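Right, one structure below, let's go through it.
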Amino acid sequence: MHDGFLLLGFALAFVLLFRRLGLGATLGYLVAGATLGPFVLNMVGDAEQKLGFAELGITLLLFLVGLELDPSKLWKMKRDILGFGLLQVSICGLALAGAIMLTTTFSPAAALALGLPLALSSTAQVLPMLQSSGRLKTRFGERAFSILLFQDLSIIPLITIITALSRNPTDVGGPPGWLLALETVGAIAGLVAAGRFLIRPLFRLIGNLGEREMFVVAALFTVLAAGAVMELLGLSTALGAFIAGVMLADSPYRHELEADVEPFRSILLGLFFLAVGMMLDLGAIARDPFFVLSMALMLITVKAAVMFGLARLFGVPWRGALALGLLLSQGGEFGFVLFAQASHALLIAPEAASLFGAVVTLSMATTPFLMMATRRFRAEPVPKTATREGPSNDGANALIVGYGRFGQAVGQVLQAGGITVTLIDTDVEMIDVAGTFGAKVYFGDGTRIDMLRQAGAAEAEMILFCIDGDQLEAAMLAAVHEAFPRAAVFVRAFDRRAVIKLRDAPVTLIMRETFESAIAMARAALDNAGLSNEAITRAETLFRARDGERLSLQMEAGDPRAARDRILTAPEPQEMEGEPG
């Protein structure tokens, strides 16, 4: 109770402060942990035990990410995972090992045992940053996630390399690398089979029983079981949870699972960063500050430079390549595990493992500052063909994102009702045409949190997404609601599939773009057929009732093929008796 009170209290205070300063929650947790730890106030101890428990937060995070990616979508990302990810880990690891060997007295084997772990970035830090900015589902976010996923996959090969270099006699009889690789493939295949033939029937049974709390138990059991299997084989627990999530991504219980696991993920991930901050060896930094600072600078520089070059090679524009390099420039949480492995293998001394642990923690603390400092350089400019003004806070009551044919009608009706609006779009030609009619449309991507904030979303009463096509995701809309809770969110959906996909999004209204116009045309056709107004209204009411019932059932099942029996495929004579046609 004592430790929990202090950890949560300091976390609350520091995270609120750092959020207020625009530095992000991660840095707040790290500073709170360092303040509580043995090198400052020494109010809470046993950081390593807390870190071991808090790593479950990373496992839950990867499970939630897996729930958002069905296998077909994951397959589409194979080029980034197997290509970009492999090159990043290999080149960054070798470059860092070479830099360590040239600038220190470490042996080649020790330099390799240190350089390869430093090539890994912090999944626990990067993914929440992408989620909070609404960029996880973008092409940029998917590429960053692909690299992080491959890094998780690479943990076993890195452990195998360190074991092969080991000078510890107890490691000589260990299993060969090819056997570990076979065990990895077998474990993944086993998890896939378990997801299909055990976990899905389990959730179906719980769903039929209607026991709400059993969903929470089953969700946590799934994550822990998948992680435990991987841990038993010496693999990444987070990877196991990710695979379990992917296997359940297209199940009708996906959103229920997300809602159940999310609170545990948030708390445990915060505890993880608190424990990392507590483990920061300020004494080691004080004894050799130049070494720690110079190594952290080298780590960030080398990783950012290599990542930038690879991103350009894969066709990423230089601004996006710079953002990707800086975002993934820090060391990762699995570095602590691999440093301990290298120390056990007698490749490095425990003091060196402690020093490089401080290097990793320091590099993680710099990421929010780097992203803030380079925001202006990384921002996509307005096309050179025609400079356009970005959004500004006009104090409007409503923000309309997308000013095409749909957004124009919505905007004019709102203005006719005395509602002031700020208009945002990315189509320069449309902005020019709207300007000739006296409409002021700002240039910008209205799906980005920072762009909405710049346009005054924090003070607006409504945000209306009138974008063409199926461009919106439930996670992005949830991020918008979290960032601007006082604004009612209205969404234009392409079709009923889009409505089903967004069924758990915290929005006020989702409107299918052709629904009302189709009903209006049908009413006109029935009128032309000679039906009375009463019969036309009765037909419309019947259709709306059937369609609403069908949509509710489809949303509940998460399947647009559900409730086919509710489709009106033939006239209803009992409803139309006595009427022509």
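The values are calculated or read from the model by the stated rules, or taken from the named source; none is laboratory data. As the structure is a computational prediction, the values presented were derived from the model and not from experiment. Glycine also receives a Cβ, built like all others from the backbone with ideal geometry; neighbour counts cover every protein chain displayed. Keep in mind that these areas ignore ligands, DNA and RNA; they rest on the heavy atoms of the full protein, side chains included. Shrake-Rupley method; radii C 1.70, N 1.55, O 1.52, S 1.80 Å.
Overview of results
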| quantity | calculated |
| --- | --- |
| Note, ³J(HN,Hα) from phi for region 427-442, Karplus 6.51, -1.76, 1.60, rounded to Hz, x at Gly and Pro | 8, 4, 4, 5, 4, 5, 5, 4, x, 5, 9, x, 8, 9, 10, 8 |
| Cut-off 13 Å between beta-carbons: net charge of the residues surrounding ILE81, Lys and Arg +1, Asp and Glu -1 | +2 |
| Ellipticity estimate at 222 nm from DSSP helix runs (n ≥ 4, -39,500 (n - 2.57)) divided over the chain, nearest 500 | -20500 deg cm²/dmol |
| Solvent-accessible surface ranking, highest first, for MET555, MET430, MET521 at 1.4 angstrom | MET521, MET555, MET430 |
| For region 108-167: rounded, prolate or oblate by the Cα gyration tensor [a/c cutoff 1.5] | prolate |
| Accessible-area composition of region 448-509, carbon plus sulfur, in percent [1.4 Å probe] | 51 |
| Tilt relative to the chain, helix 237-247 - C-alpha long axis, 0 to 90 degrees, to 10 | 20 |
| By average C-beta atoms within 10 angstrom, highest first, the peptides 369-376, 491-498, 476-483 | 476-483, 491-498, 369-376 |
| Total formal charge among the other residues, if their Cβ is under 9 angstrom from that of ALA434, Lys/Arg +1 and Asp/Glu -1 | -1 |
| Carbon plus sulfur fraction of accessible area for region 1-129, probe 1.4 Å, in percent | 70 |
| Placed amide H near ALA493: partners under 5 Å, 5+ positions off or other chain | MET511, ARG512, GLU513 |
| Rounded to the nearest 10 Å², the accessible area of LEU202 at probe 1.4 Å | 60 |
| Taking the chain and dividing mean pair separation by its residue count, relative contact order in percent (alpha carbons under 8 Å, at least six apart) | 16 |
| Heavy-atom SASA rank of VAL229, VAL499 (probe 1.4 Å, accessible area, largest first) | VAL229, VAL499 |
| Whole-number accessible area per residue in Å² for the chain, which is evaluated in the context of all protein chains at 1.4 Å | 47 |
| Lys, Arg +1 and Asp, Glu -1 on Cβ, resulting dipole of the chain about Cα centre, debye, nearest 20 | 1260 |
| Area accessible to solvent at LEU116, 1.4 Å probe radius, in Å² | 20 |
| Amide H within-cut-off set for VAL44, under 5 Å, with H built and near neighbours excluded | none |
| Gained length - ALA557 relative to PHE314, 0.36 nm times residue gap less alpha-carbon distance | 83.5 nm |
| Gained length - ALA545 relative to ARG453, 0.36 nm times residue gap less alpha-carbon distance | 29.3 nm |
| Most positive-pole-ward Cα, GLN412, THR508, ASN528, against dipole of the chain from beta carbon charges | GLN412 |
| For LEU120, distant residues with modelled amide H under 5 Å away | GLY332 |
| Cα lying deepest toward the dipole's positive end in the chain, options TYR403, VAL359, LEU280, charges on Cβ | VAL359 |
| Structure-derived Rg and Dmax of the Cα atoms in Å: which label, when the choices are (i) 39.0, 153; (ii) 27.4, 98; (iii) 23.3, 78 | (ii) |
| Computed accessible area, TYR253, all protein chains, 1.4 angstrom probe, square angstrom | 50 |
| For region 405-412, 3J(HN,Hα) per residue [Karplus equation, 6.51 cos²θ - 1.76 cosθ + 1.60, θ = phi - 60°, Hz, x = Gly/Pro] | 4, 6, x, 5, 5, 4, x, 5 |
| Spatially near lysine pairs across the chain, Cα under 19 Å, sequence gap of 8 or more or different chains | 5 |
| Percent breakdown of C-alpha pair distances by 5 Å bin, ordered from the shortest bin, for region 1-156 | 2, 8, 13, 15, 15, 15, 15, 11, 5, 1, 0 |
| Inter-label distance for THR301 and LEU202, nm, one decimal - labels placed 7 Å from Cα along Cα-to-Cβ | 5.0 |
| Under the Karplus curve 6.51 cos²θ - 1.76 cosθ + 1.60, θ = phi - 60°, whole-Hz ³J(HN,Hα) for region 515-531, x wherever Gly or Pro sits | 4, 5, 5, 5, 5, 4, 5, 4, 4, 5, 5, 5, 5, 5, 6, x, 6 |
| Most to least accessible of PHE290, PHE515 (protein chains only, probe 1.4 Å) | PHE290, PHE515 |
